[in-house]
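**Student:** Okay, handing you the structure first.
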Amino acid sequence: MHEITILVELIKMVETAAIENNIAEIDTIVVQIGEMSSIIPRYMMEYFPNTAEGTLLENSKLKIEMIPANGLCHHCNKVFNIVKNKGKCPCCKADDWEILSGMEFILKEIVIREQV
C-alpha cells in the first residue's frame, strides 16, 4: 500500500506550492497514472480523503487520468497498447517491444477554488 506514501508526498508538494503562491484553497488536483505503473488508482481515490485530512487539501478533490501503456514493436515498428494486446504486437504477434508510456506518475494540474 505505497499509495498512502505517494499521497502524503503529493499533498506536501501541493501544499508547498500553494503556500509559496499565497493560495488559500485548492479545489482539485489532477494526476496522471500510467496504466502499467505499480500505483493502483482505486486505492489513491479511496485513501485521498483521510490522507488530506488536516491539510490545505482537506476539502479538495483528486482527479485521476490514465496514461495508456504504449509500446513500440521492434519487428514491425507498430505502436500498440501493451495491456490490451497482452504484450504481443497486434500486427506481427512479436513480444519484443520497447515501452513508450504507461509507467508515469505526474502531477498535471492544481485547480484553485474560486474566491466568491
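Every number in this text was worked out from the coordinates using simple rules, so none of it is lab data. Note that the structure is a prediction, hence the values are computed from the model and not measured. Cβ atoms come from the backbone with ideal geometry, glycine included; neighbour counts cover every protein chain shown.
**Student:** For Glu98 and Asn59, FRET efficiency with R0 = 41 Å and r from the beta-carbon atoms, rounded to 0.05?
**Tutor:** My answer for the efficiency is 0.45.
**Student:** Next question, about the same structure. Counting only pairs 8 or more residues apart or on different chains, how many lysine pairs in the chain have their Cα atoms under 18 Å apart?
**Tutor:** 9
**Student:** How much mean residue ellipticity at 222 nm does the chain get from its helices, if each DSSP H run of length 4 or more adds -39500 (n - 2.57) and you divide by all residues, to the nearest 500 deg cm²/dmol? Intermediate results must be reported in sequence, preceding the final value.
**Tutor:** Values: 2 runs with 30 residues, N = 116.
Dividing the helical sum by the residues of the chain leaves -8500 deg cm²/dmol.
**Student:** Answer with one residue from Ala17, Trp97, Val30: the one whose Cα lies farthest towards the positive end of the charge dipole of the stretch 1-105, charges on Cβ with Lys, Arg +1 and Asp, Glu -1.
**Tutor:** Selected residue: Trp97.
**Student:** Next up: In the stretch 7-21, whose amide N lies under 16 Å from the spot 7 Å out along Cα-to-Cβ of Glu46? List them in ranges.
**Tutor:** The answer is 7.
**Student:** When the Cα centres of the stretch 34-91 and the stretch 1-17 are compared, how far apart do they sit, in Å?
**Tutor:** The stretch 34-91 and the stretch 1-17 have Cα centres spaced 17 Å from each other.
**Student:** Quick one: work out the % antiparallel among DSSP beta bridges in the chain, nearest 5.
**Tutor:** Around 65 percent of the beta bridges assigned by DSSP in the chain are antiparallel ones.
**Student:** In addition: How far, in degrees from 0 to 90, does helix 41-52 lean away from the longest principal axis of the Cα atoms of the chain, to the nearest 10?
**Tutor:** That works out to roughly 20 degrees.
**Student:** Sticking with this structure for a sec: Test of understanding: ordering His2, His74 by Cβ neighbours within 10 Å, fewest first, what list do you get?
**Tutor:** Placing the least packed residue first, the sequence is His2, His74.
**Student:** In degrees between 0 and 90, to the nearest 10, how far off the longest principal axis of the chain does helix 3-20 point, with axes built from Cα atoms?
**Tutor:** Its long axis makes an angle of about 50 degrees.
**Student:** Once all Cα-Cα distances of the chain are split into 10 Å bins that start at 0, what whole-number percent is in each one?
**Tutor:** With a bin width of 10 Å, the distribution comes to 14, 36, 23, 16, 9, 1.
**Student:** Follow-up question, since we're still on this one. Could you give the nm distance between label points at Ile112 and Val79, where each point is 7 Å from its Cα heading toward the beta carbon?
**Tutor:** According to this spin-label approximation, the distance is 3.4 nm.
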